[in-house]
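Shown next, in structure tokens, is the structure this report addresses.
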6 protein chains.
Amino acid sequence: MQFLIAMKSVNFVILAFALMALASAYDPSPLQDYCVAVNDTKSAIFVNGRFCKDPSVATGDDFTFSGLNIPLDTNNLFGFNATLLSVDNFPGLNTLGIAIARADFAPGGVNPPHTHPRGTELVLVQKGTFYAGFVDSNNTLFGKILHPGDVFVIPIGLIHFQVNIGKTDGVLYVSFNSQNPGLITIANSIFGTNPPIDPYALARAFQLDVNAVKQLQAKFSSTN
Amino acid sequence: MQFLIAMKSVNFVILAFALMALASAYDPSPLQDYCVAVNDTKSAIFVNGRFCKDPSVATGDDFTFSGLNIPLDTNNLFGFNATLLSVDNFPGLNTLGIAIARADFAPGGVNPPHTHPRGTELVLVQKGTFYAGFVDSNNTLFGKILHPGDVFVIPIGLIHFQVNIGKTDGVLYVSFNSQNPGLITIANSIFGTNPPIDPYALARAFQLDVNAVKQLQAKFSSTN
Amino acid sequence: MQFLIAMKSVNFVILAFALMALASAYDPSPLQDYCVAVNDTKSAIFVNGRFCKDPSVATGDDFTFSGLNIPLDTNNLFGFNATLLSVDNFPGLNTLGIAIARADFAPGGVNPPHTHPRGTELVLVQKGTFYAGFVDSNNTLFGKILHPGDVFVIPIGLIHFQVNIGKTDGVLYVSFNSQNPGLITIANSIFGTNPPIDPYALARAFQLDVNAVKQLQAKFSSTN
Amino acid sequence: MQFLIAMKSVNFVILAFALMALASAYDPSPLQDYCVAVNDTKSAIFVNGRFCKDPSVATGDDFTFSGLNIPLDTNNLFGFNATLLSVDNFPGLNTLGIAIARADFAPGGVNPPHTHPRGTELVLVQKGTFYAGFVDSNNTLFGKILHPGDVFVIPIGLIHFQVNIGKTDGVLYVSFNSQNPGLITIANSIFGTNPPIDPYALARAFQLDVNAVKQLQAKFSSTN
Amino acid sequence: MQFLIAMKSVNFVILAFALMALASAYDPSPLQDYCVAVNDTKSAIFVNGRFCKDPSVATGDDFTFSGLNIPLDTNNLFGFNATLLSVDNFPGLNTLGIAIARADFAPGGVNPPHTHPRGTELVLVQKGTFYAGFVDSNNTLFGKILHPGDVFVIPIGLIHFQVNIGKTDGVLYVSFNSQNPGLITIANSIFGTNPPIDPYALARAFQLDVNAVKQLQAKFSSTN
Amino acid sequence: MQFLIAMKSVNFVILAFALMALASAYDPSPLQDYCVAVNDTKSAIFVNGRFCKDPSVATGDDFTFSGLNIPLDTNNLFGFNATLLSVDNFPGLNTLGIAIARADFAPGGVNPPHTHPRGTELVLVQKGTFYAGFVDSNNTLFGKILHPGDVFVIPIGLIHFQVNIGKTDGVLYVSFNSQNPGLITIANSIFGTNPPIDPYALARAFQLDVNAVKQLQAKFSSTN
């Protein structure tokens, strides 16, 4: 049985997702009942998706993951923390085209604008009051105030965010239709890359002066 | 804003799913940001999936559904009740390849063996203690006792079930990687069809005598 | 050249399918002309689908299988026997998204209710008179009496069956749009699992008493 | 119930396929149990695939087609005739990703080189002795002599043919993993197009003189 | 025959893409040879993808688009302009899963960071010297200086950009594996939405003060 | 950095494509950001698509290919030469579903009739005047005279060709929505196979006498 370890610092908030995230789009169909992922560590050879272990030694444990009821530490810059169960930490999801995450928010906490390049997202409010939104290709914002029991769907690849607008902690459960939906947190993927993007290009793109860009890069390189 | 109405009698338990269920397999990709479903009621003409409304009149409400926090009445033969949000009652899911359900269980309640012909299922235990299992193509049962915060994944098309083995009510949230995963409840799809399957065939298939089959058909035709 | 060996006892009827069956849904597209399956037996490592042999050593034999004209022994409890050519015994099918089976029926023989989790089925009557049917998600039975030269299509994942209602032996040829459609025989997948499903859960689900369930489990565990 | 009408002249051999053929590649998954095709004749508006009739009025007849046991007239230039059941004449196949054909051969009859742009083909020899082959992207011919009960698989999009090399009539049953696999008969698609391809281009491509090309165009335009 | 009109002002740069962009991921396969898009303007009813015109009236013109050799006006804030041929302005692409764009750059011109939610991009340098890059889910920047004849591939859904680092105008031809890849320009999709995203949420997400966010929103709302 | 070597003799024109070509249909979606192809040369074991190298050692070079600006030698029988960048020579394309080619034509040069079994093609005229066409399943020719800046789309699996009808050299850039679209050059795949197709079958199929077929086979076996 596996247990999640709640992240302890803001630097890890994004890292938690980033480590899990290599992938995009509705997954290919399975070609067998299941194909529990393994790493082929010896050869450093990979495939689209994952290698799998011998199906004759699979057990119920391979299809189970524990700990999504444990609150995560939100004592960080965003007032937000999340854990994604994708094929990277829940091997039984391999070939099955689905994943799930838990997100915790302090009052005022923000899940910053991001996209999932390989999956639609379905948000279920477990606790708290949220403002959630996504932006379509015409830059129209589709926003909604959400209460417990509300469900909100976000199309694949579109930028979206949630804010805890209530006075108490908030919890979301979030499903994806991919074993590895990926996570692109916009601020980090623009200002916190390794190596940094040329500040001139960002200055022109965001209509900022170069020094303002460099300040943002300094901030996000430290959180990356 | 839409609200779910909790089902009141055992007959409706299955019906709730059945009305929503026409479909199968990982869905085709979307060809636009979103395509909120409408019914083309005048012409009685359909397509694979659903017709959509003009995207220029979509709003945040189209992507929101409320009420999954409301317990369902489990005072029925199975001690079980469920509500599925699929494209049939949540039009914003159209082309987005995802769906979600809430399932309530009385102590000892049973979600009877069933399959989803068009989607993988991911179970999240919200409350209670469950025994859950699925059966693979070799008739191997993969079973697991589940506690709150546990997640259990069920491959597309395989027979599975859950039993509330705790002493209190139980609640599951269940995600699917299809806008319309479908539901085939085995007992009803064998013994409760309209018209009935030839009892002789079922007697031979299940190694029962014909009268035993007819009794089962009588029971399930009344719940269908 | 390979030859099929006709199954000799009832226990093997289901086994023949079960051994071949790990899989579901319309298969992903090929990424090369062909990819003839091999087992990577040394490492016990698998992929979605199958590893393939060096294409430069493929021959016409890899794409050929012989023996579907040989009648199978139907002297068993069901009066039915079948052989499925899937990627498991016909390696040339790998990545090609298709499979075929031959089914033999004694007079009165029954192919018991089952599903294929990963493929649509197309039945062609070669010999005999049959009653065939499938059940949709609304528990509507779509049945049809079939004669030689008739074709009947069964959507992916739905429960279906055939009965030889003629006075002579009958033969069906059955195509699937998957290299590994899978087979879930309902009675075995409910009453014949290893380990058995909790009889209490089945009793409640099928509205039988627990002893009746245990008797069914005893029968199907012996045929499994 | 529907009956096939055997084609009577060589001109119709190709026409039989051509009328049925608009399409390519493994089909998208269904989004409901079934979606029986209809033509929306009034509006001359089409979709990818087909519009469907109201599922509540579907019957077993929609999923059935009769007459594949009827031999076709092979008294033509090729000694060959075929009937394909695709979504165009068997509406129940819509969204189900499968099709089937019957092919009849006189002794020495030839199913001329062709491709199916949207489906893998699986050939089952019902009667007779055949030489069948396909050509891969390296121009390697994979050929095989086939006897009754033999199965031969042809990857999507590759050129293939069959010749009845026996002394009697021959019959093949051929399955496809597409509701509309399409048919490109090479000779007709090169020399029999409407309007004709520029003879100069064909002469250079086939290293023939222009008059030889024009003679071929005259022959095939009359059979088209 | 259709001609492109070069865009004349900076406001139109993004608009040109935005108007064309509703969609995401590798497209579903076609179910017929072609399906030339039409708008069903009367009913305001849509489908996943597009309705199509009667295939019997299609001509070569439907599959042709002219004008990609015409330079676009880059006299705007970004020194950049682009035209995308997607299914929205080139109806023959419908169901065919491909699109193409031309992008013009003044010296120092910047194609600002953006994603395509539904397609991989392949850049071909026609003229000029560029710095191009994309950022993966680990925030690693994959950058490259590109010269004429160089090709650079950008995985689906990842943030990417190009800068003309040469002293002359530059031209790129860009292919996509979707009929409607979509375009999410990050700056506009964050700071230029309609209605605006709550400045507080953006301030926390980008670690800016609220006034700095409001200034950015003012700039981008005017270019949107 | 990699450079293309222009082919020097007519025999190599087809070979250049043939070596790159194993595969067909819109590719399955990626399951990670990227998966740069490697050959697992030691074991002679393959997968659908390609094995990939460790993503942590990928660099911008893996996603770049140089040399598409270099004219190819067209001094051969067809007055035509082409280079395809597919996953076989541009490993970064693996799982990304896209490819590109450059084609050079002498005046009067002909790209002979061929198909791509696994991809739609989009032609962009860089230089010269062309007649391009494709033939649908009804043997209708869709042809078009193309000038620089014109784009022409060819549905997956259909026979097509281009002729340089101008007085100068011509250049096309051609995109595909597959990492390995494959190439079936009709004349070679009919008359130049190894081993040869039985001349009797070809004579009957093409309504030629056997000696004429043998002459064609002699010509094309020497160019193969």
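The values are calculated or read from the model by the stated rules, or taken from the named source; none is laboratory data. Worth saying up front: this structure is predicted, and the values here are computed from it rather than measured. Backbone-built Cβ (ideal geometry, glycine too); neighbour counts: all protein chains shown. The area values use the complete protein model at the heavy-atom level, side chains included, leaving out ligands, DNA and RNA. Shrake-Rupley method; radii C 1.70, N 1.55, O 1.52, S 1.80 Å.
Observations on the model:
- Free-standing Cys residues across the protein assembly as shown, given no other cysteine C-beta under 4.7 angstrom: none
- Net +/- balance of residues flanking F:Val135 in space, Cβ distance below 14 Å, scoring K and R +1, D and E -1: -3
- Protein heavy-atom accessible area occluded, D/F pair - total, 1.4 Å probe, Å²: 4700 Å²
- Which of D:Gln179, D:Val163, D:Pro71, positive extreme of dipole for segment D:60-182 (C-beta unit charges): D:Val163
- Placing a label point 7 Å from Cα along the Cα-to-Cβ axis, D:Thr168 is separated from the same position in the other copies by 1.6, 6.8, 7.5, 7.5, 8.1 nm, shortest listed first.
- Chain A, helix-only ellipticity at 222 nm - DSSP H runs n ≥ 4, -39,500 (n - 2.57), divided by all residues, nearest 500: -5000 deg cm²/dmol
- Gyration tensor (alpha-carbon) shape descriptor, segment C:60-182, a/c threshold 1.5: oblate
- Label point distance in nm, B:Lys167-F:Tyr200, each placed 7 Å from Cα along Cα→Cβ: 8.5 nm
- Peptide-level mean, for B:66-72, of C-beta atoms on other protein chains within 10 Å: 4
- Net charge of Cβ neighbours under 15 Å - reference A:Asn180; Lys, Arg +1; Asp, Glu -1: -3
- A:Tyr173 contributes an accessible area of around 20 Å² to the protein surface, as traced by a 1.4 Å probe with all chains present.
- Using a 7 Å projection from Cα along Cα-to-Cβ, the label point at E:Asn211 is separated from the same position in the remaining copies by 1.6, 8.6, 9.1, 9.1, 9.7 nm, smallest value first.
- Of all accessible heavy-atom area on chain C, the percent that carbon and sulfur account for (1.4 Å): 57 percent
- Our note on the geometry: Cα centres of segment C:145-191 and segment E:86-132, 49 Å apart.
- Cβ-derived FRET efficiency at R0 22 Å, F:Ser221 paired with D:Asp209, nearest 0.05: 0.65
- Convex hull per residue volume in Å³, alpha carbons only, for the protein assembly as shown: 147 Å³
- Taken about its Cα centre, chain E carries a charge dipole of about 480 debye when Lys and Arg each add +1 at the Cβ and Asp and Glu each add -1 at the Cβ.
- Counting Cβ atoms of other protein chains within 10 Å of each Cβ in D:193-202 and taking the mean gives 6.
- Residue of chain E whose Cβ sits closest to the axis mapping E onto B, with distance in whole Å: E:Pro28, 2
- For F:Leu77, the amide hydrogen comes within under 5 Å of the amide hydrogens of F:Val10, counting only partners 5 or more places away or on other chains and with H modelled in the peptide plane.
- Distance in nm between pseudo-label sites at E:Asn39 and D:Asn39 (7 Å out along the Cβ direction from Cα): 2.9 nm
- Label distances, nm, C:Asn39 versus same residue in remaining copies, Cβ-directed 7 Å point: 2.9, 2.9, 5.2, 5.3, 6.0
- Counting Cβ atoms of other protein chains within 10 Å of each Cβ in A:143-150 and taking the mean gives 5.
- Over chain B, accessible surface divided per residue gives 29 Å², non-protein components excluded, 1.4 Å probe.
- Isotropically averaged projected area of chain D, using the convex hull of Cα atoms (one quarter of hull area), nm²: 14.0 nm²
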